[in-house]
Amino acid sequence: MTDHRPELRPLTAFRFFAALAVFFRHVYPWLKESTDMPSFVHRFMNDGFCGVTFFFVLSGFILTYNYRLAFVRLSGPVVWKFYAARAARIWPVHLLTFGLAVVVLHREIMAAPVQFIGPAIANLTLTQSFFPVETIFFSFNSVSWSLSDEIFFYALFPLVLWAMHAAGCDRPRKASFLVIGLWLIAMACVIIGRNHPLGFWMWYVNPAFRMLDFLTGVALGHVFLGLKDKGIIGPSLKWASFFEVTSLVLVAAALTASPSVPYLLRRSVYYTPFFAMVILVFAYQRGVISRLLSGKLLRLLGEASFSFYMFHYLFIRMIDRYPHATRIGDLDPLLRSIAVFAVSLMASIACYRWFEVPARTRVRDWLINPCLRGGLRAIRQRRTDFPGRPLPPGDGLLIR
């Protein structure tokens, strides 16, 4: 079903840094009054939401990297296995953190239970981002709105790959033009509609619009694989290191210039080309920075970053609602942020090892093998598609 290509370890590590950027954005209200931090740090923390853009682009890239040949012809069983694998990667941790969100919000829920019925249904079905109402798309565990977008991307992904192959857009040159064209279309949409009353939802949350980020990643994946097919294995160590440093410097430059960019552009498509460059450069894994990012520790952090992304905001909200329930709420804002980071990181690693991976395996096998509802035989059974081969590396939304 997949191409079973080697894992792109630097990009796995980048998943953690993208999640960390989102974390910084969420603790920034605690730290924004600090005069000790340089202005660049304030700017970086304030624009930490750009991590979501990185996830969407990377998601399209990694899924294309793993599944490029799977949907040249649309086959029902193959498409179903893909959907089952996607659901197994998202819903267990999502349901766990939804339950924790109910605990955090129990006072509000008990005070007005009827008001939470609609948002709860939307959250459980991961359809909340389709509703242009903040009390719905940011309800319960607020960060899960991005999972709602991802589910929409996953639903269309097989059809997208099939259509691109049929139209010849999976070739490097056409895919390159598609990357540029998608970004220009997205820029035009935001610039024209930035004053719309629903602009925040329309250009930041709306799955149909954020699909352009995902499609950018898909086209970028075709560029990368097409160059690989032509025997272009990448630059030498010296030049690869130069390109890696350059791509990161350009991201820093974009961040430095961000105050002059309209807010909704920064929220949506401003960072997309810079992240696309980082993803393409580091996918070759040939530079010094790539080697540093490929270590075991960063790989573990990258694998656990989905759980980190899903847990961290719940802990922040818990501290905000019950500041004196633990000593963390009484700490200086910087120490409080560090404490929440440490707790979130430990919880995410534990969740990844002892809940996320086992649950993913069981749910996937349960969905793929409907006759084995008990799951016992499915868990013991080796994959018959590619015996003895490992599962493919994860997609861009922090999900392995």
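Taking a 1.4 Å probe, which of Met211, Met110, Met37 shows the most accessible area, and what order do the others take after it?
Working: Met211 15, Met110 150, Met37 45 Å².
Output order, biggest surface exposure first: Met110, Met37, Met211.
Would you please calculate the Kirkwood hydrodynamic radius of the stretch 248-315 over all C-alpha pairs and express it in Å, rounded to one decimal?
After inverting the pairwise mean of 1/r, the radius is 14.3 Å.
Find out how many positive minus negative residues lie around Tyr284, taking Lys and Arg as positive, Asp and Glu as negative, among other residues whose Cβ is under 10 Å from that of Tyr284.
Values: positive: Lys228, Arg286; negative: Glu244.
So the surrounding residues net to +1.
Mind listing the phi-derived Karplus ³J(HN,Hα) values for the stretch 146-156, rounded to whole Hz, using 6.51, -1.76 and 1.60 with θ = phi - 60°, and x for any glycine or proline?
5, 5, 4, 5, 4, 4, 5, 4, 4, 4, 8
Sort Tyr67, Tyr28, Tyr263 from largest to smallest accessible area, using a 1.4 Å probe on the heavy atoms of the protein chains.
The ordering from most to least exposed comes out as Tyr263, Tyr28, Tyr67.
Anyone know which of Leu126, Leu298, Leu250 comes out most mobile in the 10 Å Cα GNM of the chain?
Leu250
Suppose every K and R has +1 on its Cβ and every D and E has -1 on its Cβ; what is the size of the dipole of the stretch 58-171 about the Cα centre, in Debye to the nearest 20?
Dipole magnitude for the stretch 58-171 comes out near 440 debye.
Run down the lysines and flag those whose C-alpha is under 28 Å from the C-alpha of Lys230, throwing out any fewer than 8 positions away in its chain.
Those lysines meeting the cut-off are Lys174, Lys238.
Measuring from centroid to centroid over Cα atoms, what is the spacing of the stretch 321-348 and the stretch 132-203 in Å?
34
Quick one: how many Å² of Glu108 are accessible to a 1.4 Å probe, rounded to 10?
Glu108 exposes around 70 Å² with every protein chain in place.
For the stretch 1-103, what is the convex hull volume of its Cα atoms per residue in Å³?
123
Mind checking which aspartates and glutamates have their Cα closer than 18 Å to the Cα of Lys32? Skip sequence neighbours fewer than 8 apart in that chain.
Excluding near neighbours in sequence, the set is Asp47, Asp320, Asp330, Asp332.
Can you send over the carbon and sulfur percentage of the accessible area for the chain, probe radius 1.4 Å, protein chains only?
Within the chain, the accessible surface is 68 percent carbon and sulfur.
Just by accessible area at a 1.4 angstrom probe, what is the order of Asp170, Asp149 from largest to smallest?
Asp170, Asp149
Using modelled backbone amide H atoms (1.01 Å from N, in-plane), which distant-in-sequence or interchain residues come within less than 5 Å of Gly48's amide H?
Arg25
The values are calculated or read from the model by the stated rules, or taken from the named source; none is laboratory data. Since the structure is predicted, the reported quantities are computational estimates derived from the model, not experimental observations. Here Cβ is always computed from backbone atoms with ideal geometry, including for glycine, and neighbour counts include all displayed protein chains. What goes into the accessible areas is simple: the full protein's heavy atoms, side chains included, and nothing from ligands, DNA or RNA. Shrake-Rupley method; radii C 1.70, N 1.55, O 1.52, S 1.80 Å.
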